[in-house]
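The values are calculated or read from the model by the stated rules, or taken from the named source; none is laboratory data. All of these numbers come straight from a predicted model, not from anything done at the bench. Neighbour counts run over all protein chains shown; Cβ positions are idealised from the backbone, glycine included.
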Amino acid sequence: MTDQIHPEELLSEGAWQPEVRAALLDLITEHGIESPGYDPEEPPLVAIDCDGTLLYNSLAEVLMRHMILRRRFRTDRNFWEIIPERLGRDALQAAYKAVAGRNDAEISEMAAFKRYRAGMFGVYESLINESFADAALFAARMLKGLHERDINETLDEIIGLELERPLSQEDVPGGPPFPALSLNMGIKVHAETMELIRLFDANGFHIWLIDSVAVQAMRRLARRIDFPEDRVLGLELQSQYGMLTEKLIEAVPVGEDKLELFLDTLGRSPVLVIGDSMNDYELLENSEGLSLVMGDRDEQLLEKAEANGWLIQRRLSI
């Protein structure tokens, strides 16, 4: 990715908390390319979460919202079965049928569209409160039925739009029986995380992005930020005849399954793990060097980080 960079050139004192900066510089000294025990055949590994750690806001969520608003996903019986009956499956299917095939101008004021939009977004919000893995799978399944050659074009468009969009919140009116809700809009790359990626890469570490986001979306984001696409681990759906299905290849990478995906792929533990939620806890716990919690959105993780003596970088720039 980059030529070798001296640590102090990137880890600016203004951006990083002093104790975090000092520990990261020590880690480079201990394991980096100039350390006595450095082995280029087995370089030290770094695992970085994507949503909330690399990115402000969620790539999975913006992907899902675009696919829903533009009615780009492919519907069949199996698709609707991913929505629990208790969350209004039948009402959503009926609302979708009323707006499918129409252009945006035609449907913008239709009661069916308001019901469909609020209901579909509400499914994700309900799932995320019950099971993050189920919510992640729901978001990824928006790509079901799309051919591989079309997915990258769609993802490039969505990622480009969302990176350029100002960060904001958008109120979505309710569509009875589905209530109104607010959505976080836009994604931005945290400056500190990119700074760290460039520095550790230049000093001989192999950095991996890992999350429960559709792996295709993570790869297109990686390409956009000049990160190696082959060092991305995410949620993978099975492919049939070149099209994605609703079936998982492996378990949704959350918690223990996130750790297992990393270890199964790389065969050894990282020396630095960076995450921002309890979904990263097991991976953070597995680090053989430093565990770094970025941001302050997950109080439970912050409490565990303090109890375990992990690093916490609360201030993040975008």
Restricting the stretch 293-317 to residues that are of a type in the set (Asp, Glu) and farther than 23 Å from LEU11 by Cβ, which is nearest to the chain's Cα centre (by Cα)?
ASP298
Might you check whether a residue that is within 15 Å of LEU54 (Cβ to Cβ), polar (S, T, N, Q), in contact with a strand residue (DSSP E or B) (Cβ under 6 Å, 6 or more places away or on another chain) and crowded, with 17+ Cβ neighbours inside 10 Å occurs anywhere in the stretch 196-212?
yes
Filtered residues of the stretch 270-318 (kept if at positive phi and free of Cβ contacts under 8 Å to residues at least 60 places away in the same chain):
GLY309
Hits in the stretch 260-292 (condition: over 20 Å from HIS31 (Cβ atoms) and either surrounded by 19 or more Cβ atoms within 10 Å (Cβ to Cβ) or under 15 Å from the mean Cα position of the chain (by Cα) (or both)):
LEU261, ASP276, SER277, MET278, ASN279, ASP280, TYR281
Name the helices (runs of 4 or more DSSP H) wholly within the stretch 65-130 that hold at least 1 residues that are of a type in the set (Asp, Glu)?
89-99, 104-107, 111-130
Reported set for the stretch 135-156 where residues are acidic (Asp, Glu) and modelled with pLDDT under 95 is GLU148, ASP150, GLU153
Only one of ARG231, ARG223 is within 28 Å of GLY32 (Cα to Cα), in the same structural domain as THR29 (by TED's automatic domain parsing), modelled with pLDDT of 95 or more and touching an Asp or Glu at 6+ places or on another chain (Cβ under 8 Å); which?
ARG223
With the structure loaded, tell me whether ILE28 is modelled with pLDDT of 95 or more, buried (at least 16 other Cβ atoms within 10 Å of the Cβ) and not in a loop (DSSP other than H, G, I, E, B) or whether it fails that test.
yes
Hits in the stretch 175-184 - residues which are surrounded by fewer than 18 Cβ atoms within 10 Å (Cβ to Cβ) and touching a residue at least 40 places away in the same chain (Cβ under 8 Å):
PRO176, PRO177, PRO179, ALA180, LEU181, LEU183, ASN184
Number of the exception - VAL99 against (1) hydrophobic (A, V, I, L, M, F, W, C); (2) touching a residue at least 60 places away in the same chain (Cβ under 8 Å); (3) surrounded by 15 or more Cβ atoms within 10 Å (Cβ to Cβ)
(2)
